Each structure stands twice: as C-alpha cells, then as structure tokens.
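What follows is a set of notes on a single structure, which appears directly below.
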Amino acid sequence: LAQDKKWRIGFSQATTIEPWRAQFNKDIVAEAAKHPEVELIITDGEDKTEKQVADVENLIRQEVDALLVSPKESAGLTGVVQQAIDAKIPVFVLDRNVDTDKYNQFVGGDNKLIGRAAGEYAVELLGGKGKAQGNVVEIWGGMGTQPAHDRHDGFHEFTDKEPGIKNLLDQQSGDWKQDQAYNIMATALRNNEKIDLVYGHNDPMAYGAYLAAKDAGREKEIKFIGIDGLPGEGVTWVNNGELSATFLYATPGAEGLRQAIKFLNGEKVEKTVTLDTMKITKDNAAQIMKDNGL
Ligand code: FRU
C-alpha cells in the first residue's frame, strides 16, 4: 500500500459490456480521483455470476477495507456478500440487491417507483385513466434481478387497473440486452397484428424493440418506453422521437464510493440511500443533452 493511501476499496462490477455499467465505472473512477487517500480496485464479472463470485472472493482475500458490489444477480451473489460480512469487511451493495440485509448499506434507485412512473405514463399514452386501450409488450431485464421484478410490479400497479390494456407477453426476458430485445420484439410483431406500446426494463431493450419495429415498418404505430436515461443513449433516442420516454436511473458510482469513505472515516451511514429519478420526454430531452455537452 502506497504511503499516502489510507483506504483500499474493492468494487466488484457485474459487467462492463452494458453502456450504463460503463458509465457507472466512469462515475466511480471520477469520484475516486477526488480522494487521494483511496486506492480503488475494480473487478469485472464479465456478465457471469461465477466470475463475479470469484472476484469478490479475491477481494476478500486481499483484505480490502470496504467492499462495493453491484451484483449480476441477487441469489448467486448472496453467499459471497455474506462471506465478506463474516470477514468483517464493510459491504455496500449497489443498484441490484442481494437476498440478505446484513450488509452495511444499499445505494441505488427506487425501481418500484420508477416502474410506477412508467406505468402511469403508459396509461396516459394509451388514452388515460379508466379509458386506456391497447396491446402492451413488456420486455423484462434479467429474471434473477430485483430491479426487473420491481420495474414489473410498479408498472402493473397502474396498467392492471385498466381493463382495456392487454399484455401480449408473459415474462419474456431480454436480459437487459438490445439484441435479445430485438429478437423478442421481432417475434411479437410476427405473432400480433396490433401492438400499441412497448415497455423495456431498460433503454437498450426499448431501443432494440424500436429497431425491430422499424425493420418491420411498424415503428410509427407503437410507443416505446425505457429506463436509464443516459444522455448519449435513452435521452438521445427520446429526443429523436424513437422512444416516447425514459426514466432516469442514476448510477450509484459516485454516491456509493462517497458513502463507503464516510463510513471508513467513522461516520454513521444510512441503511439505504435512494437516488432520484425523473421522467424524460421530448419536453426536457434536448435540455438534458445540452447540460451534458451533447
Ligand atoms: C445495466 C443495467 C441497466 C439497468 C440496471 C439494472 O447492467 O441493465 O441498464 O438499469 O442494470 O440493474
């Protein structure tokens, strides 16, 4: 450990192939740069639970002062998170939760709330409360992740109250990936003459579905809603009129690291830190891009 480095903090990231996770890593690296007393070790689970489990075991062996982990899936990472806790390493769970609450802190967005906001907007797009009509395609994120379940549950709190809304698919997962969502949508388009709205659990999947509809010449009849709101992705697609809306799901990179440092410095931290969201439509997309230098 270099002389000036007081804290060694390990961060186990699930994958870096998804744009939102690439941004997440950028955010945590930028925050680390503001804390010369911190040495940050980032591992990449390469979108595989076994790899991420090995990464966390490795960080435990290195006796890091704190462990930050953003799980690929909840159940598969619970055991090693428990191991870290047993080894008396403070654990900060970021974005996707695990199946224990024995960690020090969870930092992430409120996916139930975001799902509700998406559901409320879907009802509005389909004709309004009590009058909404339409066939909906929902493309799930990873089935083994809490965000996917919360985004589903929140959405349906609104859409299930509408007798005119029909769900065309049953638990079809695109595992957060644009290409998988494209394939799900291509099949849905072949099987259904009328599709009115697509709800993707993230922007890459909403956009993949949009591209499938475009290739079938049907994108104009369908509204697309996503989640994440990265300026160069979802916000740009909204601004282009390709998606009707996205909902900000801020990365917990900067806040997660700040909280861990606060804890290491002996301050009390909350059990849960919830990051804010916002609805992004044509009304504010251009401004958000401008604010982000796009
Ligand atoms: C990236 C991602 C995001 C999504 C989040 C949910 O891996 O799929 O697009 O919002 O994870 O955990």
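Laboratory data are not the source of any read-out in this text; all were calculated from the coordinates shown. Everything quoted here is computed from the prediction, not taken from an experiment. With ideal geometry, Cβ positions are generated from the backbone for all residues, glycine too; neighbour counts draw on all protein chains shown.
What to note about this one:
- Based on the Kirkwood approach, the hydrodynamic radius assigned to the stretch 226-287 is 13.1 Å, with every pair of different Cα atoms included.
- Here the 3J(HN,Hα) profile of the stretch 11-21, calculated from phi with Karplus coefficients 6.51, -1.76 and 1.60 at θ = phi - 60°, is 10, 9, 8, 5, 6, 10, 6, 8, x, 5, 6 Hz, Gly and Pro shown as x.
- Residues whose amide H comes within less than 5 Å of that of ASN135, counting only those at least five positions distant or on another chain, are LYS166, ASP196, LEU197 (H built at 1.01 Å from N in the peptide plane).
- Distant alpha-carbon pairs in the stretch 70-192 (separation over 17 angstrom), percent: 63 percent
- As a proxy for reagent exposure, TRP20, TRP140 were ordered by neighbouring Cβ count within 10 angstrom, fewest first; the result is TRP20, TRP140.
- All Cα pairs of the chain, percent lying beyond 34 Å: 24 percent
- log₁₀ of I(q)/I(0) at q = 0.12 Å⁻¹ - the stretch 1-120, Debye sum with one point per alpha carbon: -0.44
- Residue-wise HN-Hα coupling along the stretch 191-203, computed from phi with Karplus coefficients 6.51, -1.76, 1.60 (Hz; x: Gly, Pro): 8, 9, 5, 10, 10, 10, 8, 10, 10, x, 5, 8, 5
- Once the chain from ASP99 to GLU50 is taken as fully extended at 0.36 nm per residue, the excess over their C-alpha distance is 16.0 nm.
- Whole-angstrom Cα spans of the stretch 125-278 along principal axes, big to small: 60, 32, 28
- Shape category assigned to the stretch 1-40 from the gyration tensor of Cα positions, a/c cut at 1.5: prolate
- Cross-link partners of LYS282 among lysines, defined as those whose alpha carbon lies under 18 angstrom from its own and excluding same-chain residues fewer than eight positions apart: LYS220, LYS223, LYS290.
- For the pair ASP283 and ILE85, label points projected 7 Å from Cα toward Cβ lie 4.2 nm apart.
- Put simply, the amide H of THR272, placed in the peptide plane, has neighbours under 5 Å in PHE106, leaving out anything fewer than 5 places away on its chain.
- Amide H within-cut-off set for HIS201, under 5 Å, with H built and near neighbours excluded: ILE139, GLY141
- Most fluctuating residue given options GLN13, GLN23, GLN52, as computed from a GNM of the chain linking Cα atoms under 10 Å: GLN23
- Of the GluC sites (Glu not before Pro) found in the stretch 232-294, those in coil by DSSP whose Cβ has at most 14 other Cβ atoms within 10 Å are GLU267, GLU270.
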